[in-house]
Every structure is written in structure tokens, then in C-alpha cells.
1. Quick one: length gained pulling GLU95 to ASP4 fully straight, 0.36 nm per residue minus the C-alpha distance?
2. Hey, got the dipole for the range 57-138? About the Cα centre, +1 on K and R Cβ, -1 on D and E Cβ, debye to the nearest 20?
3. Quick one: putting +1 on the C-beta of Lys and Arg, -1 on the C-beta of Asp and Glu, what dipole do you get for the range 98-151 around its Cα centre, in Debye to the nearest 20?
4. Using the Karplus curve 6.51 cos²θ - 1.76 cosθ + 1.60 with θ = phi - 60°, work out ³J(HN,Hα) for each residue of the range 143-150 in order, rounded to whole Hz, and write x for Gly and Pro.
5. Multiply the residue gap between GLN118 and VAL149 by 0.36 nm, knock off their C-alpha separation, and tell me the result in nm, one decimal place.
6. Where does each of LEU105, LEU96 land when they are ranked from fewest to most other beta-carbon atoms within 10 angstrom?
7. Please order MET21, MET1, MET84 by the number of other Cβ within 10 Å, starting at the fewest.
8. With percent of Cα pairs over 25 Å apart as the read-out, I listed [x] 46; [y] 63; [z] 50; which label goes with the value calculated from this structure?
Amino acid sequence: MLDDVDRRILRQLQADPTLTMPELAERARTTPARAARRVERLEAEGVIRGREAVIDWAALGFAVHVSLRITVDKAAPRALDELMAAARKVPEVVELQTFLGRVDLRLAVLARDMGHYQEVYRDRILTLPHIADIEALLTLSVVKDADEVPV
């Protein structure tokens, strides 16, 4: 169970995962030793799974982001597993999500430009196994992108 100190620590780490322990302690209104013990416990319990760098893909030249909604041809018993295994091998596929409902799988695809996307789509996506239907949604803008948990 989280108490107020845990919540303050988590809020501060979500806002800035690069904080040193003294900085974290000060912002969470506790001592560095107590903050260190709490972070260690939260990591051991799996609440904190790690700290990561957030890459601005556009700054690296990837201007096109497409979300592909895929319905799997369920005639083959392991169709979804085979499709996911093949999709993992496509470097431009940066995220895979499975769903219950009409759409079975969502692929997030990054490309440098529309020409590159067209190449990826034609040569890598359309050759994936067991696709019954596919819908492409081109991202125009990201209005909200928050991985933070309201603690």
C-alpha cells in the first residue's frame, strides 16, 4: 500500500527521473536515506520498473507515425502469435498492442517520410502472415502523451 511519502516520491520521479537522491528527497519532503529506502522498496515490489530515456523521433528524422489496426485471419490456430512474431522483426514497428474486439492488433509504425512509409507498408507490413483486414491511421498531431500515473 502506498502512503503519502511513496506518492510524493513517485510524482517527483515521474516528473523528472534524473533526480539525484538528495534532490528527490528534498522535493518529496523527506530525508535522502528514507527516500533511498522507499525507492529501493518500490523497485523491489515492481512499482518502479526502471527509468528510461524518452526519444524525440521527429528530431531523429522520423516525421511519419502511423497506427495500423489489424484484424487477424483466425483460420490458423496460432495466427496471432505468428503475426506478432513477424511484426516484431520489422524495425519500423515500434509498438504492438493486442485487443479484444473487432481489431486484434495495433502496430505503431515510424517512418522518415511518406515514401519510406509506403516502402515499409508495401514490403514489410503487407507481407506479414494472417492479416484479414488492415486500417491505417496517420497521426496528424499528438494532443496528449502522458505515461504518468495519477498518484
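Here, each number is a calculation from the coordinates, and none is a lab measurement. Predicted, not measured: the structure shown is a model, and the values here were computed from it. When we count neighbours, we look across all protein chains shown, and the Cβ atoms used for this are built from the backbone with ideal geometry, even at glycine.
1. Residue separation times 0.36 nm, minus the Cα-Cα distance, leaves 29.4 nm.
2. Dipole of the range 57-138, to the nearest 20 debye: 100 debye.
3. Dipole of the range 98-151, to the nearest 20 debye: 100 debye.
4. My calculation for the range 143-150 gives 8, 8, 9, 10, 9, 6, 9, x Hz in order.
5. Details: separation 31, 0.36 × 31 = 11.16 nm, distance 3.58 nm.
Between GLN118 and VAL149, full extension yields an extra 7.6 nm.
6. So the ranking, lowest neighbour count to highest, is LEU96, LEU105.
7. Working: MET21 13, MET1 3, MET84 19.
Least to most surrounded, the residues fall as MET1, MET21, MET84.
8. [z]
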